[in-house]
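The values are calculated or read from the model by the stated rules, or taken from the named source; none is laboratory data. Remember, predicted model here, so these are calculated numbers, not experimental data. Neighbour counts are summed over all protein chains in view; Cβ atoms, including those assigned to glycine, are modelled from backbone coordinates with ideal geometry. Side chains are part of the model used for accessible areas, which takes the heavy atoms of the whole protein and leaves out ligands, DNA and RNA. Shrake-Rupley method; radii C 1.70, N 1.55, O 1.52, S 1.80 Å.
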Amino acid sequence: MLQLSHHEDVLGAKTVVPAIGFQVNVYFYIIDGLLVDTGPRRGKKDTIPFLKQNNINQVIITHHHEDHTGLAPWIAKHKQIPIYAHQSGLKLCSKNGKMPYYRRYFWGKRAGFNASKLNSTFETNKYKYKVIHTPGHADDHIVLLDEENGRLFSGDLYVLGKPQSIWNFENMPLLMDSLRNVLTYDFSTVYCCHAGILKDGKHKLQLKLNYLEESQAKIIELHKEGKSNKEIADELFPHKNMLNYFSFFDTSPLHLVKSMLS
């Protein structure tokens, strides 16, 4: 069952995806007829009725990953409304999602769908958004900034304040640059796709950047001392979580160390 929440005129919907020993929360948002991300296909039993019941006339996806686009093909077929994505993600969206078995099991398959190119600004009836390209988690990742009302729809820019592991496809120095860029703007509330609504969101993004910068400095120092990547990971990030094992270490502390040294 979807869990709904309201903040100002933003309707948030949360679906919970369980696995062995852990779960992941996925949020998507509706504001002024705009749907930001669609949630995973695995949650379709609850999400499709929700999408039918609410007035949605356009969709923006923050990036092509299947937990954000899983129901975009259904929307394209049944609601026939425009779906927008960053230019670098259009081809990825048009193809059936290719992913390891554990991701198909976790999120469900994602068929290809057609998306239109996002411009640098985007308007609904009431609001105007700045579209900011924020690569690092994914090359096509974007956030939506409502400067007038101090709101940021952040996709996977935040997720966790102090990550101990990252996916093998993530680029932490690039993500840190994206954080620095976003933090130059004026906003307060952050609508995250995994952490939910963060009313002190800008502060939390700053704390995440601080943590990543401090971690990078420690990693570089240990690397200069001659320690291997594995030794650095074991020293700085010794605790493994269930997602590390579930993903066969496609997400791991070692990837975080390697990325910081790239």
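With θ taken as phi - 60° and the Karplus curve 6.51 cos²θ - 1.76 cosθ + 1.60 applied, the whole-hertz 3J(HN,Hα) list for the range 75-90 is 4, 4, 7, 9, 9, 6, 10, x, 10, 10, 8, 5, 3, 6, x, 5 Hz, x standing for glycine and proline.
Of the solvent-accessible surface of the chain, computed with a 1.4 Å probe and all protein chains present, 49% belongs to carbon and sulfur. Normalised by the number of residues in the chain, the average gap of Cα pairs under 8 Å and 6 or more apart makes the relative contact order 14 percent. In order along the range 107-112, the phi-based Karplus estimate (6.51 cos²θ - 1.76 cosθ + 1.60, θ = phi - 60°) of 3J(HN,Hα) comes to 9, x, 5, 10, 6, x Hz; Gly and Pro are listed as x. The convex hull drawn around the Cα atoms of the range 149-226, when projected onto a plane and averaged over every direction, covers 5.4 nm².
So if R0 is 35 Å, what FRET efficiency would SER94 and GLU235 give, r being the distance between their Cβ atoms, rounded to the nearest 0.05? Efficiency for this residue pair is about 0.20.
Residues considered: GLU170, GLU147, GLU221. Largest GNM mean-square fluctuation over the chain, using C-alpha springs under 10 Å, is found at GLU221. Between GLN23 and LYS79, the contour length at 0.36 nm per residue exceeds the Cα-Cα span by 17.2 nm.
Based on the convex hull around the alpha carbon atoms, the chain presents an average projected area of 13.2 nm². Three principal axis extents describe the C-alpha atoms of the range 56-196; from largest down they are 41, 38, 25 Å. By DSSP, the beta bridges lying fully in the chain are antiparallel in about 75 percent of cases.
Full extension of the segment from LYS224 to TYR101, taken as 0.36 nm per residue of separation minus the current Cα-Cα distance, would add 40.5 nm.
Across the range 214-221, rounded Karplus estimates of 3J(HN,Hα) from the backbone phi angles (6.51 cos²θ - 1.76 cosθ + 1.60, θ = phi - 60°) give 5, 5, 4, 4, 5, 4, 5, 5 Hz, Gly and Pro being marked x. For the listed residue pairs LYS44/LYS162; LYS95/LYS126; LYS14/LYS130; LYS52/LYS109, the alpha carbons are over 28 angstrom apart in LYS44/LYS162; LYS95/LYS126. Solvent-accessible surface of the chain, taken per residue with a 1.4 Å probe and all protein chains present: 48 Å². Compared with the alpha-carbon gap, the fully stretched path from ASN168 to GLN3 is longer by 56.3 nm at 0.36 nm per residue.
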